[in-house]
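A short worksheet on the structure shown next.
The values are calculated or read from the model by the stated rules, or taken from the named source; none is laboratory data. This structure is a prediction, so every number in the text was calculated from the model and none was measured. Neighbour counts run over all protein chains shown; Cβ positions are idealised from the backbone, glycine included.
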Amino acid sequence: MLTFELPINPPYSYERLRSRLESHPDQQFQLIPECSMLRRAFRIETESFLVTLAFKGGLETPVLQVQTDKSLSAAQQEKLRKTVRHMFQADVDLEPVYQHMQTDQRLAPLTERFRGLRFLLDPDLFQSMVRTIIGQQLNLAFAATLTERLLTLAGDVVHDEQGQPFHVFPTAEAIARLEIEQLRQLQFSQRKAEYIIDFARAVVNRRVELDRLELMSDEEAIGYLTALRGIGRWTVECLLMFGMGRPDLLPAADIGLRNGIQLVYDLPEKPDEAKIRAIGESWAPWRSYISLYVWEAFGAFRRGEFAQPSADA
């Protein structure tokens, strides 16, 4: 058994993470809220195995305990550490974000209400892009259903000690081998099926080199990927946010962000993309994180956690 602990730059809120996982379903995670734990299958190199993630220490002294029964090489252990730190943004310092938000009376209350909230990133860019393509113009519930069907069709499976299955996201090679009709039978639209398989084949054939994105600016990455059929600016912005953790993206075409900004800024109607970009100018250089807090405010409002965030809260 391998067990190690990863300190997290405080604050970190497991409760906010749990809330987002409950409202944004991810079929690869099993929540165990009474123990502040998650379970998930990982693929490191060609090995797939189950990992238990336990959050210790609380909001201001967070530690993430990582445990697996799998025997891993030193290189695999290091890759697992790096992947987990990336996914949970363990090294991110939220204090500069909060200081920036405090200068806006509409955003300031969110820093306390949602203290410790941060992104849960995808473990790799291929998975992040496919999940984002699936989510284009779909509600969260149906996007989650389609993702689960893709996992079942083409992903690996590992089982825990009780035989419960945990799905591992399909590789680019596995999706590239699929035919359009296989996804159509799972209720993927014709276009969505084409875009996903085309993207996987582009990755396999090295027409798209995802590791190059690390060396690109946000705008360079947007230009590089939007050359592909079915991938627009919003899709790449989400990839940069949820796949890479880039701090200063503003997905102005996102309907959830439109709803959140209307709520937080108490606007009489939903802002259009131009209005969102105008408001978001003052959020730089932390537009990704502020977008996350605005999304969460709207989600919490819909869940009935409070009446409405306000400058007097």
Subset of the range 214-252 [of a type in the set (D, E, K, R) and closer than 19 Å to residue 136 by Cα]:
229, 233, 237
Which members of the range 265-282 meet the condition of being in contact with a Leu (Cβ under 7 Å, 6 or more places away or on another chain) and surrounded by 18 or more Cβ atoms within 10 Å (Cβ to Cβ)?
276, 280
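Which of the helices (runs of 4 or more DSSP H) contained wholly in the range 23-138 include at least 2 residues that are farther than 21 Å from residue 213 by Cβ? Give the steps one after another, and end with the answer.
On the way: elements: 74-87, 95-101, 108-113, 125-135.
Per the criteria, 74-87, 95-101, 108-113.
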Quick count over the range 253-276, residues being touching a residue at least 24 places away in the same chain (Cβ under 8 Å) and over 17 Å from the mean Cα position of the chain (by Cα), is 8
Across (1) modelled with pLDDT of 95 or more; (2) farther than 15 Å from residue 124 by Cβ; (3) within 19 Å of the chain's Cα centre (by Cα), residue 60 clears everything bar (3)
List the residue pairs whose Cβ atoms are under 6 Å apart, where the first residue sits in the range 82-98 and is more than 18 Å from residue 21 (Cα to Cα), the second is among the hydroxyl-bearing types (Ser, Thr, Tyr), and the two are 6 or more positions apart or on different chains.
97/289; 98/111
